[in-house]
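Trainee: What follows is a single structure, and I will ask about it in a moment.
The values are calculated or read from the model by the stated rules, or taken from the named source; none is laboratory data. Remember, it's a predicted structure, so these values are computed and weren't measured experimentally. As a convention, Cβ positions derive from the backbone with ideal geometry for all residues, glycine included, and neighbour counts pool all protein chains shown. Heavy atoms of the whole protein, side chains included, go into the accessibility calculation; ligands, DNA and RNA do not. Shrake-Rupley method; radii C 1.70, N 1.55, O 1.52, S 1.80 Å.
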Amino acid sequence: MSFAELAAELNKIPPFTRITMLSALLITAPIMLKLVRPFHYSFDWSLITGKLQIHRLYTSIFIPWRLDDPIKWLFDLFLLYRYLLQIETKSYDKRLPDMVWQFFWSMATVMLLCYPLHFPFFWTPFIGFVVYLSSRLSPNETTSIYGLITIR
């Protein structure tokens, strides 16, 4: 596959889903390859406010708790892609600013609620939020849990 074909395939993915998936890959892959330590991207309020490392607000969303299980991480990526694509193409079709605004405030709320618990990473709450939002926006669709249990 040439670079032009790869770029064409990536352009078929809606923008929010594409940026989120690329962020997850570009942030987590170097950590899993042990090129970078995960705490360079973790949520640390003293570094965010004291040293103005505001990138930590964004990067801490994409780092999973368990870095020793790449199969689970790939499964989470697939889950994230599936539900983000569904949200972006069905519920927020042609309304990208609304979707960005929704995710901004939702993740700010998640970070605020997790602050007393000293969570350094928000991968699991982020995926939970995406699945919850997808199910709330499409109440008549069935949701399969690991392909074993189907709920509505």
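Trainee: Let me know the Rg and Dmax you get for the range 12-89 when you use only its Cα atoms, in Å.
Mentor: Spelled out, the Cα radius of gyration and Dmax of the range 12-89 are 13.7, 41 Å.
Trainee: Below 28 Å, Cα to Cα, which lysines can K90 reach? Residues fewer than 8 away in the same chain don't count.
Mentor: Within the straight-line cut-off, K90 pairs with K12, K72.
Trainee: Hey, another quick one. Give me the mean projected area, in nm² to one decimal, of the convex hull enclosing the Cα positions of the chain. Let's see the in-between values first.
Mentor: On the way: hull surface 43.9 nm².
Convex hull of Cα atoms, orientation-averaged projection: 11.0 nm².
Trainee: Moving to a separate point now. Out of the trypsin sites (Lys or Arg not before Pro) in the range 88-131, which ones are loop residues according to DSSP with at most 12 other C-beta atoms within 10 Å?
Mentor: Numbers: sites: K90, K94, R95; in loops: K94, R95.
Answer by residue number: K94, R95.
Trainee: Considering only protein heavy atoms, what per residue accessible area in square angstrom results for the chain with a 1.4 angstrom probe?
Mentor: Numbers: 9900 Å² over 152 residues.
Per residue, the chain has 65 Å² of solvent-accessible surface.
Trainee: What is the percent carbon and sulfur in the accessible area of the chain, measuring with a 1.4 Å probe over the protein chains and ignoring ligands?
Mentor: Details: 6670 of 9900 Å².
Ligands and nucleic acids excluded, carbon and sulfur reach 67 percent.
Trainee: Dipole of the chain, Cα-centred, from +1 at each Lys and Arg C-beta and -1 at each Asp and Glu C-beta, to the nearest 20 debye? Don't skip to the end; give the middle numbers.
Mentor: Values: 14 positive and 10 negative charges, 30 e Å.
It comes to approximately 140 debye.
Trainee: Just flag the trypsin sites (Lys or Arg not before Pro) in the range 26-72 sitting in loop per DSSP whose Cβ has no more than 16 other Cβ atoms within 10 Å. Let's see the in-between values first.
Mentor: Working: sites: K34, K51, R56, R66, K72; in loops: K34, K51, R66.
Those that pass, being in a loop and sparsely packed, are K34, K51, R66.
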